[in-house]
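Each remark here refers to the structure printed beneath this line.
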Amino acid sequence: MTKLLNPNMAATFPPPVMEARRWIEGVTFPADRPLINVSQAAPVDPPPEGLRQAMAEAVLENDAAHLYGPVLGLPELRAEVAKQFSAGYGGKIAATQVAITSGCNQAFASTLATLAADGDEVILPTPWYFNHKMWLDMGGVKTVALPTGDTLIPSADKAADLITSKTRAIVLVSPNNPGGVEYPAETISAFYELCQSKGIALIIDETYRDFDSRTGAPHDLLTRPGWEDTLIQLYSFSKAYRLTGHRVGAMIASEARLAEAEKFLDTVAICPNQVGQIAALWGMQNLGNWLGDQRAEILDRRAAIESGFKVLAKQGWQLLGCGAYFAYVTHPFDIPSDALAQKLVTEAGILCLPGTMFVPENDPTGARQLRIAFANIDRAGIGVLFERLATVSV
């Protein structure tokens with residue numbers, strides 16, 4: 001059967017989170033030392049009661065919620081995204097420049113389907129979000145790595161050296177997954193100007209924008225005349241409203257690009273989840289204060305990571321980035337991070353992802369790095385996490 005396998009599919013790696021979950025199969029964790037799972041960036045609690053009630057009412061009373069809807073999403077949700085993003089970024093976005101997708105990963109996939117074909121190139125800063133790399137592999141698109149060094153902030157000048165006649169886009173994720181860092185406005189501006197001058201697309205994935213520590217807009221790109229000729233902005237409702245299982249994301253781009261994306265979306269899912277879209281709309285219209293509280297809680301956990309990390313720093317650990325849902329660290333041990341991550345399961349009751357999952361195979365930095373997704377553990381849990389890591393010896 002392997003001879004019938006698409007070589008592009010075979011060329012990419014297994015889903016990293018699923019691979020990590022297999023490390024805990026058959027492992028028993030004692031009651032006094034339960035597993036600390038910091039491998040996946042997803043809320044573990046259900047949506048707030050009011051949102052669940054709105055979803056329940058839609059299921060029971062809204063017949064349209066059970067039928068196919070528009071391929072590009074509910075008009076009411078598209079309009080609400082346009083309204084709130086226009087206000088939040090100080091720009092002007094039309095509802096017709098918004099598409100709703102089955103999660104942000106599908107927004108990325110549909111974006112790339114409109115941009116790149118087999119043999120084209122896309123630049124990804126490293127460490128990268130592994131699902132972006134996987135999708136490029138499966139489409140036969142070459143990933144060009146842009147190392148970010150210890151700051152985890154990419155350089156537009158260095159990116160310029162990587163652009164060829166085959167380059168179709170540069171992808172930024174801010175706040176970053178896996179690094180946690182928030183890209184400065186001037187960094188994003190420099191990338192926009194580079195992409196604009198080269199006639200390529202700038203894709204900005206802002207899945208974690210609701211947990212940015214800064215006030216105000218993180219960039220001014222949506223205020224610039226003709227932004228839609230260069231910029232494609234992606235968003236997820238999953239983290240903001242705890243809708244991970246309902247798969248609702250968004251793509252902001254030109255009407256012409258969305259018309260092309262519609263072809264892709266129609267053949268993959270036909271339409272986004274109707275109940276999920278109703279939930280996202282209700283959340284946007286009713287949960288502003290609640291979301292503010294969630295942001296404050298995540299920022300408090302970030303502060304706990306930064307203050308508590310001193311214990312590990314004394315042992316040679318280094319905190320490279322921290323923000324949104326993530327801490328990205330280097331370890332002091334003389335073994336690669338993929339081996340260390342598996343040892344942490346049995347020796348410390350910790351499940352996290354190694355840096356080798358976020359860089360090319362020939363990049364030695366991944367062997368020293370780990371990603372900790374801390375959004376699912378509170379201050380007390382973060383303290384226990386550090387206590388356990390401090391006792392690890394290899």
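The values are calculated or read from the model by the stated rules, or taken from the named source; none is laboratory data. Quick caveat, the model's predicted, so the values are computed rather than measured. Here Cβ is always computed from backbone atoms with ideal geometry, including for glycine, and neighbour counts include all displayed protein chains. Heavy atoms of the whole protein, side chains included, go into the accessibility calculation; ligands, DNA and RNA do not. Shrake-Rupley method; radii C 1.70, N 1.55, O 1.52, S 1.80 Å.
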Given the conditions (1) assigned to a loop (DSSP other than H, G, I, E, B); (2) closer than 25 Å to PHE237 by Cβ; (3) open to solvent by 10 Å² or more (accessible area, probe 1.4 Å); (4) touching a helix residue (DSSP H, G or I) at 6+ places or on another chain (Cβ under 9 Å), and given that ASP210 satisfies all but one, which numbered condition is not satisfied? (1)
Keeping to segment 291-314, report how many residues are open to solvent by 60 Å² or more (accessible area, probe 1.4 Å) and under 20 Å from ALA42 (Cα atoms). 3
Run ALA145 past the list (1) touching a helix residue (DSSP H, G or I) at 6+ places or on another chain (Cβ under 8 Å); (2) of a type in the set (A, V, I, L, M); (3) not in a helix (DSSP H, G or I) and report the number of the one that doesn't hold. (1)
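Checking the condition at pLDDT 90 or above, closer than 30 Å to GLY179 by Cα, surrounded by fewer than 11 Cβ atoms within 10 Å (Cβ to Cβ) and charged (D, E, K, R), which residue from GLU61, GLU25 passes? Talk me through it step by step, then tell me what you get.
Details: GLU61 fails: closer than 30 Å to GLY179 by Cα.
Every option except GLU25 fails the conditions.
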Counting only residues in segment 121-136 that are open to solvent by less than 20 Å² (accessible area, probe 1.4 Å) and part of a loop (DSSP other than H, G, I, E, B), the one nearest to VAL171 (Cα to Cα) is identified as TRP128
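Per-residue answers, yes or no, for (1) within 15 Å of GLY88 (Cβ to Cβ); (2) part of a loop (DSSP other than H, G, I, E, B); (3) touching a strand residue (DSSP E or B) at 6+ places or on another chain (Cβ under 7 Å); (4) modelled with pLDDT under 95:
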| residue | (1), (2), (3), (4) |
| --- | --- |
| GLY179 | no, yes, yes, no |
| THR187 | no, no, no, no |
| GLU193 | no, no, no, no |
| ILE204 | yes, no, yes, no |
| THR215 | yes, yes, no, yes |
| HIS219 | yes, yes, no, no |
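Determine whether THR346 is of a type outside the set (D, E, K, R), at pLDDT below 95, part of a helix (DSSP H, G or I) and over 29 Å from ASP300 (Cβ atoms). Walk me through it before giving the result.
Numbers: of a type outside the set (D, E, K, R): yes; at pLDDT below 95: yes; part of a helix (DSSP H, G or I): yes; over 29 Å from ASP300 (Cβ atoms): yes.
Yes; evaluated as a whole, the condition is true for this residue.
Identify, from the list VAL38, VAL17, VAL71, the residue that is modelled with pLDDT of 90 or more and either open to solvent by 70 Å² or more (accessible area, probe 1.4 Å) or within 30 Å of VAL384 (Cβ to Cβ) (or both).
On the way: VAL17 fails: modelled with pLDDT of 90 or more; VAL71 fails: either open to solvent by 70 Å² or more (accessible area, probe 1.4 Å) or within 30 Å of VAL384 (Cβ to Cβ) (or both).
Within the list VAL38, VAL17, VAL71, the selection yields VAL38.
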Do any residues in segment 379-394 that are touching a residue at least 60 places away in the same chain (Cβ under 8 Å) and over 17 Å from GLU306 (Cβ atoms) have Cβ atoms under 6 Å from those of residues that are assigned to a loop (DSSP other than H, G, I, E, B) and open to solvent by 30 Å² or more (accessible area, probe 1.4 Å), where the two are at least six apart or on different chains, and which pairs are they? VAL394/PHE333; VAL394/ILE335
Out of everything in segment 238-290 that is in contact with a Lys or Arg (Cβ under 9 Å, 6 or more places away or on another chain) and part of a loop (DSSP other than H, G, I, E, B), what residue ends up being farthest from ALA42 (Cα to Cα)? ALA269
Filtering segment 259-274 down to residues that are open to solvent by less than 40 Å² (accessible area, probe 1.4 Å) and not hydrophobic (A, V, I, L, M, F, W, C), which residue is nearest to GLY249 (Cα to Cα)? PRO272
Among the residues of segment 148-157 satisfying the criterion of being closer than 18 Å to PHE358 by Cβ and assigned to a helix (DSSP H, G or I), which is most open to solvent (accessible area, probe 1.4 Å)? ASP150
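Examine segment 77-87 for a residue that is closer than 29 Å to THR215 by Cβ, at pLDDT 95 or above, of a type in the set (Val, Ile, Thr) and surrounded by 13 or more Cβ atoms within 10 Å (Cβ to Cβ), and state whether such a residue exists.
Just the residues of segment 77-87 that are closer than 29 Å to THR215 by Cβ, to begin with: 77-87.
Narrowing further to those that are at pLDDT 95 or above: 77-87.
Add one more test, that the residue is of a type in the set (Val, Ile, Thr), and what stays is 81.
With the extra rule that they be surrounded by 13 or more Cβ atoms within 10 Å (Cβ to Cβ), the set shrinks to 81.
The answer is yes; a qualifying residue exists.
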